[in-house]
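Have a look at the structure below, then the notes.
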Amino acid sequence: MTNLQQVRTRFTIIVGVLVTICLVLLGYLLWPGTRISSQRAQEETLQQQYHSLGREVAPLRGMDQKLIKTRADIKDLYRDRIPNRASQISQEVEKLTKETSVTAQSIHFIPAKPDKGDLPDVQVLEIDTTVVGEYANVARFINALEQSKMFFVINQVTLNGQEGGQVSLQIKFQTFLKGAGQNSGT
């Protein structure tokens, strides 16, 4: 083989390798997902997913501080709004009737049956009472009951008219008693 043939063979091999490399690069450029526009579209999609997931987890940020605050709020609720003795509940209802100038005809305390979702060491007391007075005073009684420092949950209200501008209100509501045994009253 002459020197020219060797150069020609080498040149053919180099051209073949370069053509192969060009074809591979051209295939890479034409392959779906490798274009700059598709990469930008993919990047925008990923950015949207990132922001969407960020909005989903935003309420979970600072959860440890929120849990600490919630525990403190629960302690405050137990301390300030849930009484230790049933007599405190009676006193509060009596105080509210006097402040609003209504008369309680009867007050019935009924311990509710414990439920598996009940708070520990807290008993639910259902209260059924009928109060009589002028309509405005009865409305103030309901308002005072809702705004009382003690925790009352009104379940049912039945208003009946009577003679002489007096109305009768039958009201059923719940309150809570802490430290009461869950087995009592069933």
- [ ] Please work out which residue is surrounded by the fewest Cβ atoms within 10 Å (Cβ to Cβ), limiting yourself to the stretch 67-84 and to residues that are over 20 Å from the mean Cα position of the chain (by Cα) and modelled with pLDDT of 85 or more.
- [x] Asn84
TODO: For Glu146, indicate whether it is modelled with pLDDT of 90 or more, in the same structural domain as Ala112 (by TED's automatic domain parsing) and assigned to a strand (DSSP E or B).
DONE: no
- [ ] Quick one: count up the residues across the stretch 126-166 that are touching a His at 6+ places or on another chain (Cβ under 8 Å) and crowded, with 16+ Cβ neighbours inside 10 Å.
- [x] 2
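Matching residues to (1) in a helix (DSSP H, G or I); (2) within 30 Å of Phe173 (Cβ to Cβ); (3) without any contact (Cβ under 8 Å) to a residue 40 or more places away in the chain:
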{"site": "His51", "(1), (2), (3)": "yes, no, yes"}
{"site": "Glu56", "(1), (2), (3)": "yes, no, yes"}
{"site": "Gln65", "(1), (2), (3)": "yes, no, yes"}
{"site": "Ala72", "(1), (2), (3)": "yes, yes, yes"}
{"site": "Asp76", "(1), (2), (3)": "yes, yes, yes"}
{"site": "Asn84", "(1), (2), (3)": "no, yes, no"}
{"site": "Glu92", "(1), (2), (3)": "yes, yes, no"}
{"site": "Thr97", "(1), (2), (3)": "yes, yes, no"}
TODO: Search the stretch 85-130 for residues being of a type in the set (Asp, Glu) and more than 33 Å from the chain's Cα centre (by Cα), and hand back the single one that is farthest from Lys178 (Cα to Cα).
DONE: Glu99
- [ ] State all residues of the stretch 99-116 that are part of a loop (DSSP other than H, G, I, E, B) and either touching a strand residue (DSSP E or B) at 6+ places or on another chain (Cβ under 8 Å) or without any contact (Cβ under 8 Å) to a residue 12 or more places away in the chain (or both); if no residue qualifies, say none.
- [x] Thr100, Ser101, Val102, Ala112, Pro114, Asp115, Lys116
Task: Single residue of the stretch 111-131 satisfying the filter (modelled with pLDDT of 85 or more and among the β-branched types (Val, Ile, Thr)) that is nearest to Ser90 (Cα to Cα) - done: Ile127
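The values are calculated or read from the model by the stated rules, or taken from the named source; none is laboratory data. Everything numeric in this text was worked out from a predicted model, so none of it was measured. As a convention, Cβ positions derive from the backbone with ideal geometry for all residues, glycine included, and neighbour counts pool all protein chains shown.
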